[in-house]
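Below: one structure, written as structure tokens.
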Amino acid sequence: MRCVRVVLLLTLAVGVAGAGCSVRTQSDPESIDRRDVPFGLTDDTAPRGGDPTPALGVDSVIYLFGPDGLVPVTRRTDSAAGPRRVLRMLLNGPTDDETRLGLSTAIPTGTTLQGIRVKGRRATVDLGPGFARATVPDRVRAIAQIVFSLTQISPIAELQFELEGRRIEVPTGGGELTDRPVNRADYGPTDRLVDDPTRDS
């Protein structure tokens, strides 16, 4: 009798252990803590359900010259371009494709950006010595390009200019020199700023 009882207890123990090792099924999915997921089964770089699709780029605008005057040119950038980035794009001049379309710049090649400061509605642009190489007519057009390119960025509405840290006078569209901040109204209508190929260099 004692042997039968021992065999019965062993049988019950094996049965319980076997039940504990069986795979439990369920009809509904159950979330588990991320820390309990085996290594390598998650991918943090994959898009998650419900997340917005990443932006493919945004439009940034600079102003170049076309046959009929100053025109806005859209550049596709990976993120919104602030004043410094917009100005660097402008100083780099037109792309090959833009040149083939007849677009040009009056800003001298090699003009560098020394710095830019924005305070309220005014931006102060500090240009490198290369800008001084521009002729007077080209300087009018170059300043207009910079003014229009930067004032399309809120809240900038007017610009003060420096050359290597020193405030300079700049020509307005009418040809007069001024050391006050300038704005778009100082250079309109922009079709008057079109380069005249018959003028003296």
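Remark: pairs (first residue in region 92-105, at pLDDT 95 or above; second residue part of a loop (DSSP other than H, G, I, E, B) and polar (S, T, N, Q); Cβ separation under 8 Å; 6+ apart in sequence or on different chains) = 93/105; 93/109; 94/105.
Can you pull out the strands (runs of 3 or more DSSP E) entirely within region 111-191 that have at least 3 residues that are open to solvent by less than 20 Å² (accessible area, probe 1.4 Å) and in contact with a helix residue (DSSP H, G or I) (Cβ under 9 Å, 6 or more places away or on another chain)?
Details: elements: 113-119, 122-127, 158-163.
Counting at least 3 such residues, we get 122-127.
Among the residues making up region 64-103, those that are of a type in the set (D, E, K, R), open to solvent by less than 100 Å² (accessible area, probe 1.4 Å) and more than 22 Å from residue 156 (Cβ to Cβ) are 97, 98. For the list (1) of a type in the set (D, E, K, R); (2) part of a helix (DSSP H, G or I); (3) modelled with pLDDT of 50 or more, I need the number of the one condition that residue 5 fails. Only one criterion is unmet by residue 5, namely (3). For region 113-157, the set of residues classified as of a type in the set (A, V, I, L, M) and over 13 Å from residue 170 (Cα atoms) consists of 113, 116, 118, 123, 150, 153, 156, 157, listed by residue number.
Would you be able to say whether some residue in region 67-85 is touching a Gly at 6+ places or on another chain (Cβ under 7 Å), at pLDDT below 95, under 21 Å from residue 187 (Cα atoms) and not in a helix (DSSP H, G or I)?
The initial filter retains those residues of region 67-85 that are touching a Gly at 6+ places or on another chain (Cβ under 7 Å), namely 67, 76-78.
Next, only the ones that are at pLDDT below 95 stay: 67, 76-78.
Checking which are under 21 Å from residue 187 (Cα atoms) leaves us with 67.
Narrowing the set further to residues that are not in a helix (DSSP H, G or I) leaves 67.
The answer is yes; a qualifying residue exists.
Looking across region 120-140, just one residue is touching a residue at least 40 places away in the same chain (Cβ under 8 Å), of a type in the set (A, V, I, L, M, F, W, C) and within 21 Å of residue 104 (Cα to Cα), and that is 140.
The values are calculated or read from the model by the stated rules, or taken from the named source; none is laboratory data. Since this is a predicted model, take the numbers as computed values, not measurements. Ideal geometry is used to build each Cβ from the backbone, glycine not excepted, and the neighbour counts take in all protein chains shown. We work out accessible area using only protein heavy atoms, side chains counted, and drop any ligands, DNA or RNA first. Shrake-Rupley method; radii C 1.70, N 1.55, O 1.52, S 1.80 Å.
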